[in-house]
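J.: Shown below is the structure under consideration.
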Amino acid sequence: MKAFGAPRPEAEIHQEFPAYGPIEAILGYVLFYVLVDRATPVVVETFSETVLDLSPSFLQFGLAMALWFVLAVTAVDQVRRQLAALGLVSYDEYQLRVWSRVTPSSLRTTGYLVALVVGGGVAVLTFQRAVETLVSLIPLFATVDPARFDIIGLLAMVAFFVAYGIATHSLDRLVIGAIHALSAD
């Protein structure tokens with residue numbers, strides 16, 4: 001861990017800046033926004049009319065605040081990552097980076113391309129079913145009615161989130177890795 005403002009060699013800064021993660025964070029937030037947008041009518045209907053008798057405007061305000069909160073947390077995290085890549089602050093990231101250390105960059109790039117294509121394809125194919133399942137789970141959990149549980153929809157939803165995560169992670173690594181490669185030249 002480096003002290004605040006400790007000088008770093010110029011070559012080290014160019015290899016680490018920009019830090020990985022901004023594309024993944026943006027696409028993750030976009031997905032969160034879409035899911036909240038699609039779920040808002042069901043949440044408002046379920047919790048204002050049937051379960052808790054809450055005000056619809058209160059529920060809509062709460063969901064809007066959740067969107068702003070997640071946006072602020074995501075932005076602060078990404079700013080910290082980028083500042084850490086510049087050596088201005090410390091950012092402890094405990095991730096295994098065995099894949100990056102032991103594989104040649106061409107194999108790593110090919111792996112990320114395959115993961116992007118496969119993950120993106122699965123995400124596109126399962127998106128609609130995943131959103132429908134997620135929205136249908138809201139009244140199911142609010143009213144505790146397990147009779148309407150859709151196991152195939154749940155599997156599609158899990159497949160979508162895993163595939164989307166893999167695709168966005170791979171896209172982020174490819175784009176930021178390309179920027180690193182271009183700036184190293």
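J.: Do we have any residue at all in the range 14-22 that's among the small types (Gly, Ala, Ser), surrounded by 17 or more Cβ atoms within 10 Å (Cβ to Cβ) and either modelled with pLDDT under 50 or in a helix (DSSP H, G or I) (or both)?
T.: no
J.: While we're looking at this one, here's another question. Only one of Phe141, Phe161, Phe127 is more than 21 Å from Ile23 (Cα to Cα) and open to solvent by 40 Å² or more (accessible area, probe 1.4 Å). Can you tell me which?
T.: Phe141
J.: If Ala156 satisfies every condition in (1) under 16 Å from Leu27 (Cβ atoms); (2) in contact with a Lys or Arg (Cβ under 8 Å, 6 or more places away or on another chain) but one, which is the exception?
T.: (1)
J.: Within the range 15-62, which residues are under 23 Å from Ala75 (Cβ atoms) and of a type in the set (Asp, Glu)?
T.: Glu16, Glu24, Asp37 - these are the residues of the range 15-62 that are under 23 Å from Ala75 (Cβ atoms) and of a type in the set (Asp, Glu).
The values are calculated or read from the model by the stated rules, or taken from the named source; none is laboratory data. Remember, predicted model here, so these are calculated numbers, not experimental data. Cβ atoms come from the backbone with ideal geometry, glycine included; neighbour counts cover every protein chain shown. To get the accessible areas, we keep the full protein, side chains included, count just its heavy atoms, and leave off ligands, DNA and RNA. Shrake-Rupley method; radii C 1.70, N 1.55, O 1.52, S 1.80 Å.
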